[in-house]
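Asker: One structure, pasted below without further comment.
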Amino acid sequence: MSILHYCLSYLFTLTALLTLEVGGWSLLSIPAITFVVIPAMEIIYSGSEDNIAPEDQELRARNFGFDLLLYGMLPMQIALIIMMSVQIDSGALNGVEILGAIATVGICCGSFGINIAHELGHRNKPIAQFFAKGLLLTSLYMHFFIEHNRGHHQMVATPEDPASSRYGQSLYPFWWRSISRGYLSAWSLEHRRLERKGLPAFHWRNQMLSFQVIQYAAVALLFYYFGIIAALSFIGAACLGILLLETINYVEHYGLERSQKENGKYERVRPHHSWNSNHSIGRALLFELTRHSDHHAYASRKYTALRHFDNSPQLPYGYPGMILIALVPSLWFSIMNPHVERELSRLQSLAD
């Protein structure tokens, strides 16, 4: 994957901006590309298991161009939200067109806003974390910065993790569990952080408090400048982005669990504790999020160096296709339960 491959995300967002400007039937373009065209293409071409050569990993890590693609998505996200708000306020979009705009921006919120924030949030540089929080603001999901890094990555593939879907659990109860418990977990994690510093929970250094103020302020500004419909449309797009992200969480971790030791601790996270996908379009468009097995085993590894492992469980279809399947629980169980059972049986045979 070169820089040009990852530029596919900018072609996607530019198309979204164009459809917001044109309106009408064009607003079906992004949903159709996401859930019709890409799934069909990924059935035809499943991608490659090749990994980047070890000697090239450091060169790519030092290439600022790969990072610039991530930072550049924040102004793109802001532009999408403002464009939608301007078009709604001016009367250029109305009725069904507004729903199409919400779907278009919502898909971008989940695919780029939260997803790229996820990549940048794992980095230690203040500038990367600033952009991560800014991107999460565009989806009104800023607590993800706390819960994902300090909660999900610690407890992934265990019953304690709300973002790890259990075997036999359908998508819709998972949405409620992951969103509600993830939000409460972020408050708890931040409270414990302040407690270790000898500070009360209600303190200006509590990030959860500041995140709420920032998010309410963002909605209030949209309401003030563009009206109630624009503000509600932004909330709707953000909610769609959140559900898209949580559906991806569901797909990435379904049915996989870490073993618990006699002392009550869980085994170390390994590549076989997350579902992997090598489908090339998803890899390029989502900045390698689909190589999730390596990400969880080695969370500090940048997206450009994520690898395929032969022992990591592989999804039968790419992310967009798996999202559509997950929306129909009976279909999901019929396809994925046999995959989970084969994977667990394989791991058991290796352990024996």
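The values are calculated or read from the model by the stated rules, or taken from the named source; none is laboratory data. Since we're looking at a predicted model, the values are computed, not measured. Glycine gets a Cβ as well: all are built from the backbone with ideal geometry, and neighbour counts include every protein chain shown. Only protein heavy atoms, including side chains, enter the accessible area calculation; ligands, DNA and RNA are left aside. Shrake-Rupley method; radii C 1.70, N 1.55, O 1.52, S 1.80 Å.
Asker: Could you go through the stretch 149-165 in sequence order and give the Karplus-derived ³J(HN,Hα) for each residue, using 6.51 cos²θ - 1.76 cosθ + 1.60 with θ = phi - 60°, rounded to whole Hz, and x for Gly and Pro?
Answerer: These are the phi-based 3J(HN,Hα) values: 6, 9, x, 4, 5, 7, 10, 3, 6, 10, x, 6, 8, x, 8, 9, 6 Hz.
Asker: Using all alpha carbons of the stretch 1-56, what is the percent of pairwise distances in each 5 Å bin, ordered from the shortest bin to the longest?
Answerer: 4, 15, 17, 22, 17, 11, 8, 4, 3, 1
Asker: Quick check for me: using +1 on Lys/Arg Cβ and -1 on Asp/Glu Cβ, what's the dipole size of the stretch 1-159 about its Cα centre, in debye to the nearest 20?
Answerer: My answer is approximately 440 debye.
Asker: Further, regarding this structure: Taking Cα centroids, how far is the stretch 124-179 from the stretch 280-342 in Å?
Answerer: Here the answer is 17 Å between Cα centres.
Asker: With +1 on the Cβ of every Lys and Arg and -1 on the Cβ of every Asp and Glu, and nothing else charged, how large is the dipole of the chain about its Cα centre, in debye rounded to the nearest 20?
Answerer: 1000
Asker: Ignoring ligands, DNA and RNA, what percent of the accessible area of the chain is carbon or sulfur (1.4 Å)?
Answerer: About 65 percent, which is the carbon plus sulfur part of the accessible surface.
Asker: Restricting to DSSP H runs of at least four residues, report the calculated mean residue ellipticity at 222 nm for the chain, -39500 (n - 2.57) per run over all residues, nearest 500 deg cm²/dmol.
Answerer: -19000 deg cm²/dmol
Asker: Convert each backbone phi in the stretch 254-265 into a coupling constant with the Karplus relation 6.51 cos²θ - 1.76 cosθ + 1.60 (shift: θ = phi - 60°), then list the ³J(HN,Hα) values in order as whole Hz, x for Gly and Pro.
Answerer: Here the 3J(HN,Hα) series is 4, x, 9, 9, 8, 6, 9, 7, 5, 7, x, 7 Hz.
Asker: Between I127 and E341, how high is the FRET efficiency from 1/(1 + (r/R0)^6) when r is the Cβ-Cβ distance and R₀ = 41 Å? Nearest 0.05.
Answerer: 0.35
Asker: Stretch E58-I214 to full length: gain in nm at 0.36 nm per residue minus the Cα-Cα span?
Answerer: So the chain would gain 52.5 nm between E58 and I214.
Asker: If you don't mind, another one. How large are Rg and Dmax for the stretch 310-352 when calculated on the C-alpha trace, in angstrom?
Answerer: Rg, Dmax (Cα atoms, Å): 12.1, 36.
Asker: Within the stretch 277-315, whose backbone N sits under 14 Å from a point 7 Å along Cα→Cβ of R270?
Answerer: Under 14 Å, as judged by backbone N against the label point of R270, lie 294, 297-298, 309-313 of the stretch 277-315.
Asker: If you consider only alpha-carbon coordinates, what radius of gyration and Dmax does the chain have, in Å?
Answerer: 20.1, 67
Asker: Probe of 1.4 angstrom, ligands and nucleic acids ignored: what's the accessible area per residue over the chain, in square angstrom?
Answerer: Value for the chain: 46 Å² per residue.
Asker: Dipole size in debye (nearest 20) for the stretch 103-180 around its Cα centre, Lys and Arg Cβ +1, Asp and Glu Cβ -1?
Answerer: Roughly 120 debye, rounded to the nearest 20.
Asker: Give me the Å³ per residue figure for the convex hull around the C-alpha atoms of the stretch 283-334.
Answerer: It comes to 93 Å³ per residue, whole-number rounded.
Asker: Going toward the positive end of the dipole of the stretch 218-271, with +1 on Lys and Arg Cβ and -1 on Asp and Glu Cβ, which of G236, S259, L221 do you reach last?
Answerer: Towards the positive end, the residue furthest out is S259.
Asker: Please identify, among L59, L27, L243, the residue showing maximal mean-square fluctuation in a Gaussian network model of the chain using a 10 angstrom Cα cutoff.
Answerer: Most flexible of the set in this elastic network: L59.
Asker: I would also like to ask the following. Given 25 °C and 0.890 mPa s, how large is the Stokes-Einstein diffusion coefficient of the stretch 12-157 in µm²/s, with Rh as the Kirkwood radius over Cα pairs?
Answerer: Value of D from the Cα-based Kirkwood radius: 143 µm²/s.
Asker: Can you tell me the alpha carbon radius of gyration of the stretch 161-206 divided by the globular rule-of-thumb value 2.2 N^0.38 Å?
Answerer: Relative to the rule-of-thumb radius for its length, the stretch 161-206 sits at 1.52.
Asker: Right, something else. How are the Cα pair distances of the stretch 154-244 distributed, in percent, across 10 Å bins from 0?
Answerer: It works out to 14, 31, 32, 20, 2, in whole percents.
Asker: Are there DSSP H segments in the chain that both extend 18 Å or more along their axis (alpha-carbon positions) and score a mean Kyte-Doolittle hydropathy of at least 1.0? List them, or say none.
Answerer: Helices passing the filter in the chain: 8-22, 73-90, 96-108, 207-226, 228-253.
Asker: Please list, ordered by chain and number, the residues whose modelled amide H lies under 5 Å from the amide H of N276; skip anything fewer than 5 residues away on the same chain.
Answerer: Q314, L315
Asker: Here's something else I'd like to know. For the stretch 241-315, place one equal point scatterer on every Cα, skip the solvent, and apply the Debye formula. What is log10 of I(q)/I(0) at q = 0.16 Å⁻¹?
Answerer: -0.59
Asker: Could you give the length gained on full extension between R205 and Y172, defined as 0.36 nm per residue of separation minus the Cα-Cα distance, in nm?
Answerer: 8.4 nm
Asker: Further question on the same structure: Can you list the residues, at least 5 places off or on another chain, whose amide H is less than 5 Å from the amide H of Y266, using H built in the peptide plane?
Answerer: The answer is K261.
Asker: Follow-up. Which FRET efficiency value, to the nearest 0.05, do you get for F223 and A40 by plugging their Cβ-Cβ distance into 1/(1 + (r/R0)^6) with R0 = 51 Å?
Answerer: That pair, F223 with A40, gives E of 0.80.
Asker: Along the charge dipole of the chain, pointing to its positive end and built from +1/-1 on Cβ of Lys, Arg, Asp and Glu, which listed residue (L194, G100, P159) has its Cα farthest out?
Answerer: The Cα lying farthest towards the positive end belongs to L194.
Asker: May I pose another question? Could you run the Karplus curve 6.51 cos²θ - 1.76 cosθ + 1.60 with θ = phi - 60° over the stretch 309-317 and give me ³J(HN,Hα) per residue in whole Hz, x for Gly and Pro?
Answerer: 10, 5, 8, 8, x, 10, 5, x, 9
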